[in-house]
Structures are given as C-alpha cells and as structure tokens.
1. Condition check: over 16 Å from the mean Cα position of the chain (by Cα) and hydrophobic (A, V, I, L, M, F, W, C). Does L100 satisfy that?
2. Consider W34 against the criteria (1) farther than 26 Å from A132 by Cβ; (2) out of contact with any helix residue (DSSP H, G or I) (no Cβ under 9 Å at 6 or more places or on another chain); (3) within 16 Å of ligand 2 (Cβ to nearest atom): it satisfies all of them except one. Which criterion is unmet?
3. Examine the stretch 119-127 for a residue that is within 15 Å of ligand 2 (Cβ to nearest atom), under 19 Å from E73 (Cα atoms) and among the small types (G, A, S), and state whether such a residue exists.
4. Would you mention how many residues in the stretch 1-31 are within 16 Å of ligand 2 (Cβ to nearest atom) and assigned to a loop (DSSP other than H, G, I, E, B)?
5. Would you point out the residue of the stretch 71-84, among those that are of a type in the set (A, V, I, L, M) and surrounded by 21 or more Cβ atoms within 10 Å (Cβ to Cβ), that is farthest from the chain's Cα centre (by Cα)?
6. May I ask you to say which residue of V213, V174 is crowded, with 19+ Cβ neighbours inside 10 Å and touching a Leu at 6+ places or on another chain (Cβ under 6 Å)?
7. May I ask you to list the residues in the stretch 9-61 that are open to solvent by less than 40 Å² (accessible area, probe 1.4 Å), under 28 Å from M118 (Cβ atoms) and more than 15 Å from ligand 1 (Cβ to nearest atom)?
8. If I ask for residues that are of a type in the set (D, E) and under 16 Å from V37 (Cα atoms), which ones from the stretch 168-208 would you list?
Amino acid sequence: MTARTVRIAPSLLSADFGKLAEQLAMLEAAGADWLHVDVMDGQFVPNLTFGAKVIETCKRLTKLPLDVHLMVEQPEQYFDSFVQAGAATLTIHVETAPHLHRQVMRIKELGVMAGVTMNPSTPLETVREVAAEIDLLLIMSVNPGFGGQRFIPSSVAKIQRARQLLDGVGSRAVLEVDGGIARDTITACWQARADTFVAGNAIFSAADPAAEVRALRGLCQAHA
Ligand code: DX5
Ligand code: ZN
C-alpha cells in the first residue's frame, strides 16, 4: 500500500507580521507544505484581513504554495488579481457562490487549483454537483472569521462523508480541514481521511513552531 499524503498548512492569520520573513523561512525549513492565506472582507465574515498585496509579499518571501481561502462576498472579483499575485489554490465558499460551477471552472481556467468549502452549518450536499470538477474540498471545522477557535467535533463525521463523496465520483481532490486543528484534534481528522491540515494558533502560539509542524505531521504518520 502506498503511504497517504499528509500536508501541513500553517495559517498566515496567526503569524507575527513583525517578523514575517523569518517565520516563513522557519516554517519552510520545518517542512510545512503549504501556506494558508485567509482573505476576509468584513462582510461575509466579521473580520478583515489581507488582499493581493499581502499574497504578493508572501510569494516573494516563500516557496511554499499559497493556499488562498476566500471568505468574501463575490469572490470572483478577486480571482485574476490573486492568481497574478501568486495564489496556488483559490477556495470559495458555497454560501457566496450561487453559480458555483461557473466559478469553479473559471478558477481552473486561470491555471490554479479550484477549491470549495462551506460553513459548519451548511450541508456537504451543496458541493455534490461540482465534486467531480474540483481540485480541493475544504471542510470548515470552526465558523470562519477568526483563528484560535475550538474545533467543532461533528466535523469529523463531515470529513468522512466528504471522502466518500469524492471517492464516489472518482475524485482525487485534496481533502483539507480548517479550524481548531492541534495535537488533540488532528488524528481524528486524519483517520476520517482528510489529508491536508490548516493550523494557525497551534503552530504560531507554540514555543517552537517548527517542532509543532513536525509533531502534527508525526501524529498522522503514526496512525497511517
Ligand atoms: C478561520 C480561518 C482559519 C484559521 C485557523 O476563519 O479560515 O484558516 O486561521 O486558525 P486556527 O488553526 O487557529 O483555528
Ligand atoms: Zn482558512
């Protein structure tokens, strides 16, 4: 049997912006796989974060693929500029995309990975019709808007159902989980067959963030 992929994606939201270059270099050296970039517009979610300028800055500072999570109304407004700034994935919320199929196809046309996600209270069913088209499915395990929130336990069963949905359409899309991922929650998500783990608070508030990246990966590998 081939080993399953584990990807650890530290979330920029929790980084220390006063020493961003240093922190990104440290994460890269620690073997982080992606850098998760949370774009919030203060409308879809009650918080405001980054735009193209910050994505561009990260692109200059790190080789890590930039995993861009769009928590914004009308996400299509930002596709072109964010791809130009260096995004490797663009993940949109079903709640903001009534024409989900069109937006997924547009992201693919731009040559980056097309991701979809939904709030914890939104049924997984909302992505069924595009499941065969997407490159990434993100399960939100907190209500989006802030780092450092508690993992919602019912997310584990949702991850399991998400994997079944992807398998059912023959998709090899990335199955990512975002929110409250730490040493005490990652194993259950991995066992539910998620492969990519966003972690903000757990990594950046650790005394040794590099060791935390390795520890999170190690917990998955230990339960292969
Ligand atoms: C929440 C964001 C997350 C956040 C995760 O709205 O989408 O990516 O940064 O942070 P932690 O790991 O601290 O829950
Ligand atoms: Zn996120």
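The values are calculated or read from the model by the stated rules, or taken from the named source; none is laboratory data. Nothing here was measured: the structure is a model prediction, and the numbers come from that model. Please note: Cβ atoms are built from the backbone with ideal geometry, for glycine as well, and neighbour counts cover all protein chains shown. Side chains included, ligands, DNA and RNA excluded: accessible areas come from the protein's heavy atoms. Shrake-Rupley method; radii C 1.70, N 1.55, O 1.52, S 1.80 Å.
1. Working: over 16 Å from the mean Cα position of the chain (by Cα): yes; hydrophobic (A, V, I, L, M, F, W, C): yes.
Taking the combined requirement at face value, the residue satisfies it.
2. (1)
3. The answer is no; no qualifying residue exists.
4. Residues in the stretch 1-31 being within 16 Å of ligand 2 (Cβ to nearest atom) and assigned to a loop (DSSP other than H, G, I, E, B): 1 in total.
5. Taking the stretch 71-84 as the starting set, the residues that turn out to be of a type in the set (A, V, I, L, M) are 71-72, 83.
If we keep only those that are surrounded by 21 or more Cβ atoms within 10 Å (Cβ to Cβ) too, we end up with 71-72.
Details: M71: 11, V72: 15 Å.
This residue is V72.
6. Result: V174 is the single residue among V213, V174 that is crowded, with 19+ Cβ neighbours inside 10 Å and touching a Leu at 6+ places or on another chain (Cβ under 6 Å).
7. G51, A52
8. Answer for the stretch 168-208, where residues must be of a type in the set (D, E) and under 16 Å from V37 (Cα atoms): E176, D178.
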